[in-house]
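The values are calculated or read from the model by the stated rules, or taken from the named source; none is laboratory data. Keep in mind that what you see is a predicted model, and the values were worked out from it rather than measured. When we count neighbours, we look across all protein chains shown, and the Cβ atoms used for this are built from the backbone with ideal geometry, even at glycine.
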Amino acid sequence: MRPSSSDSSELHELGLSEYDDSTESSPLTAGMLHVSFENEVHGALTEIRRASVDHLPTNRGSNRSVSPVLQWSLLALAGLIVVDLVALFYVCHMFNTVFEDRGTPSSFEFADPYIGLKALYESGEAVSSTIEPIINRPRLSAQVYANEPDRPAPRGERDHWIDGWGTVSPNERRLHVTPEVHTIAQFRAIDFGMEDCHLVLTIPPATDESGHANTQLEAGASFSMHLQSHLDVFRLETDAPIDPAALTYRTRPRVAEKVATVHAHAISEGGEVAIYRFPCARASLHTFEVACTEGFPECLVDAWSSQNTTLGKSVPGLWGVDGVLITDFVFLAGINVIQYQTV
């Protein structure tokens, strides 16, 4: 057996030479020398390789224990990270819960500013003065679409820009009813001792055959009505203010009952038409839906009105722009509530 080429090179480095099988000797002597030479070569190579391995760099740190200072530092760092994460989650939770949902305050009961008045009048020791009926305009008058049940109610239709003031949102209400469009009106009863409410439909007097008002309206106000219109009025079940941003035909409150049907031709001369009478405790909410009666495709009522001088007259109890107290009565076109004295 001859050494390999790599073994031969290592032997040359050690100053050794390969055994030459051609040396003249007896077969036995040659065999013994050959075995002896192989053993010496193998031993020499083993020592060389062992020495090479001993001189290689070793990872002595793997056999060495971690410093206690480093251990405590890592634990402290991990603890700080955990504390920071907990604090971050707590702050996020706090900001998400510190303010109640926008609709939450609306569910609270209105504080009673008329402390003791109810007990005083019930005792019979006080004589109430006469109070004229008051007009209660809807807090909300929004349109929903029967043919598009998920379409949101329109908002800001009359918003406009005024230099020096910015965007102005007029305090106007719209009653718009067609076979596809319904109007949702919500009222909050106001004042003490005015708890007899009448839902009324108010239209301008002397409406002509085309359904337009002959009376001069204020700037921006409008009224039109088809004289063949038939309107159904429904009371809706809800004790909470309606969010106009979330109002659609699908999300509108459930119908509780139909309270009236109004024929446009019967009210074409104008004025107030009483639709529904109901008790209205102070601060209570009342919601109604106005829709065209089924089977009457020629149905249209569209009225815009503000709180000022819709029909050229003035609202009682309001201050005019000239600082004079307004006392004349006015028809506010649309659907309104009139509250009558009960004490």
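A few notes on this one:
- Verdict on Phe234 being in contact with a strand residue (DSSP E or B) (Cβ under 7 Å, 6 or more places away or on another chain), within 25 Å of Glu132 (Cβ to Cβ), surrounded by 15 or more Cβ atoms within 10 Å (Cβ to Cβ) and modelled with pLDDT of 95 or more: no
- Residues that are assigned to a strand (DSSP E or B), within 27 Å of His226 (Cα to Cα) and not aromatic (Phe, Trp, Tyr), drawn from the range 130-175: Ile135, Asn136, Leu140, Ser141, Ala142, Gln143, Val144, Glu172, Arg173, Arg174, Leu175
- Against the list (1) closer than 30 Å to Phe108 by Cα; (2) surrounded by fewer than 15 Cβ atoms within 10 Å (Cβ to Cβ); (3) modelled with pLDDT under 90, the condition Val255 fails is (3).
- First in the range 142-161 and in the same structural domain as Leu175 (by TED's automatic domain parsing) and surrounded by fewer than 12 Cβ atoms within 10 Å (Cβ to Cβ), second anywhere and of a type in the set (Ser, Thr, Tyr) and not in a strand (DSSP E or B), Cβ under 7 Å, 6 or more apart: Asp150/Thr248; Gly156/Ser169; Asp159/Ser169
- Test: residue in the range 156-174 that is among the small types (Gly, Ala, Ser) and either touching an Asp or Glu at 6+ places or on another chain (Cβ under 6 Å) or modelled with pLDDT of 95 or more (or both): yes
- Residue satisfying all of: in the range 115-129; in a loop (DSSP other than H, G, I, E, B) and not hydroxyl-bearing (Ser, Thr, Tyr); nearest to Leu175 (Cα to Cα) among these: Ile115
Table: residues versus (1) of a type in the set (Lys, Arg); (2) under 35 Å from the mean Cα position of the chain (by Cα).
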site	(1), (2)
Pro244	no, yes
Arg250	yes, yes
Lys258	yes, yes
Glu272	no, no
Thr287	no, yes
Leu300	no, yes
